[in-house]
Amino acid sequence: MSDIKNSIIGLISELANIPKDEIKPESELVADLGIDSPKALQLLVEIEDALGIEISDENAEDMNTVGDVIRFCEAG
Amino acid sequence: MAKRFDQLKKHLIVLIAEIIVRLLVSTYRMKWLSGERKIDSLDEKSSPVIIALWHNRIIFLGRIIRQLAKQKFPVTIMISFSKDGDLAAMLGERLGAKVIRGSPSRGGTQGLRGLYRSVAKEGRSILILPDGSKGPVYEAKMGLVVLSRMTQAPVLPMSCYANRFWRVRSWDRMIVPKPFSKVVIDVGEEISVSRNAQDDELENARLSIEGRLNQLGTNVEEYFEKQDK
C-alpha cells in the first residue's frame, strides 16, 4: 500500500471511527462512512496540511469515494 | 436581456431592503445587558471570534454587521444558495460583510471550507446562525464546533429581543422588532474548544453553546417581563 493511500485511510478511519481494514477504495464517503460536512472539512484540511497540496472546491466536490480521494492525492 | 433585467431587479430589491433595514435599525433604542464593551472593543487588531446567535434573530445581524464594519472588524457570514439567500447575500455584502455561500443541506462542505479559510488564512471573524438555515430551531449544528476547534477561534454567544416585534411565519418564527422598539442585547462568556477535542468533547461543546444561547435568550426575554411587573 502506498504511503499516501495509507495515510488517507488512516485519517478517514480516525474521523469515521471505523477500523482501517473496513475502509475500501470503493467505500462511499457519505453513504458508507458517514463523512458529513464537518468531517469532510477536517479531512480536506488534514490532507492539505499533511501532503502540502491544495484541493479546490470543485475537486473536493468530485470526491465521492475513498478511491477518488486517493487518486486525486496520488496524482497531485 | 431577461437575465440582465433579473439582475437589475435583484439589485433594486436589495437596495430597498438595505434602506428599510438601515432605517428600521436606526429607530431602535439599544440596551446591552452585558458584553457591550466586548463588542465595542473588536477592531482590525482583534483575534478572530465566532459570534453565534439563533436564526430567528437574523434581523439583528444587520445591526451587528454595520457596527463591526464601522469598527473595521472584518466578518464573514454564510448564506444559503436559495433565492432568498441570493438577496440576503447581496444585502450582507452591502452592509459590510464578506459572504460565503452554503448551508448544511446544500454546499455544506464548501461553505464550511470558506468559513475556515476566512478565519485561518484571512484572520476574519465569523457571524453564524448555528440552527440555520432550516433548523431544527434552537439546535446548534456540529459545523460551528468543528470550526472553532480547527481555527481555535472561541465562540461568542449572543442573543437579542425587543419589547415590540412582529413574528414571521417561518420555520423559526423569526422576530422583527417594530420601529422605535427597545432592543435588548446580551452577550455570553466565550466558549473555547480544545484543539485535541474528541467526539464526546465536541458534543459537549455543542450542547454548551446551545445551553448558553438559550440562557441568553431567557435573559433578554425576562428583562422585559421584569419591566412589565
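Every number in this text was worked out from the coordinates using simple rules, so none of it is lab data. These numbers were taken from a predicted model, which means no experiment stands behind them. Quick reminder, even Gly has a Cβ in these numbers, built from the backbone with ideal geometry, and neighbours come from all protein chains shown.
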In whole angstrom, how long is each semi-axis of the equivalent ellipsoid of the range B:130-229, when you take the square root of 5 times every eigenvalue of its Cα gyration tensor and sort them from largest down? 29, 15, 11
What do you get when you divide the Cα radius of gyration of chain B by 2.2 N^0.38 Å, with N the number of residues? 0.99
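Any chance you could run the full-extension gain for B:SER34 through B:ARG4? It's 0.36 nm times the residue separation minus the Cα-Cα distance, nm to one decimal.
Values: separation 30, 0.36 × 30 = 10.80 nm, distance 4.66 nm.
Working it through step by step, the gained length comes to 6.1 nm.
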Given the options A:SER13, A:ILE70, A:LEU44, identify the residue whose Cα lies farthest towards the positive end of the charge dipole of the range A:3-75 (+1 on Cβ of Lys, Arg; -1 on Cβ of Asp, Glu). A:SER13
Sorted from largest down, what three extents in whole angstroms do the Cα atoms of the range A:25-73 have along their principal axes? 27, 22, 19
Specify the residue with the greatest mean-square fluctuation among B:VAL176, B:VAL137, B:VAL168, computed from a Gaussian network of chain B linking alpha-carbon atoms under 10 Å apart. B:VAL168
Semi-axes a, b, c in Å (a largest) for the protein assembly as shown, each sqrt of 5 times a Cα gyration tensor eigenvalue, come to 37, 23, 17
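If you take every DSSP beta bridge fully contained in chain B, what fraction is antiparallel? Give it as a percent rounded to 5.
Details: 10 of 28 bridges.
DSSP beta bridges in chain B are roughly 35 percent antiparallel.
Given +1 on the Cβ of Lys and Arg, -1 on the Cβ of Asp and Glu, and no further charges, what dipole in debye does the range A:3-75 carry about its Cα centre, rounded to the nearest 20? Don't jump to the answer; show the numbers that get you there.
On the way: 5 positive and 18 negative charges, 54 e Å.
Rounded to the nearest 20 debye, it is 260 debye.
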Among the DSSP H helices of chain A, those whose Cα atoms extend at least 20 Å along the helix axis and whose mean Kyte-Doolittle hydropathy is -1.0 or higher are A:37-51
Only helices counted: for the protein assembly as shown, with every DSSP H run of 4 or more residues adding -39500 (n - 2.57) and the sum spread over all residues, [θ] at 222 nm is -16000 deg cm²/dmol
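Roughly how big is the protein assembly as shown's charge dipole about its Cα centre, with Cβ charges of +1 (Lys, Arg) and -1 (Asp, Glu), in debye to the nearest 20? Intermediate results must be reported in sequence, preceding the final value.
Values: 43 positive and 43 negative charges, 465 e Å.
Result for the protein assembly as shown is approximately 2240 debye, rounded to the nearest 20.
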Evaluate the relative contact order of chain B (contact order divided by residue number), counting alpha-carbon pairs under 8 angstrom at least 6 apart; express in whole percent. 25
Holding the Cα-Cα limit at 32 Å, pick out from B:LYS10/B:LYS134; A:LYS5/B:LYS45; B:LYS70/B:LYS141; B:LYS83/B:LYS121 the pairs that are longer than that. A:LYS5/B:LYS45
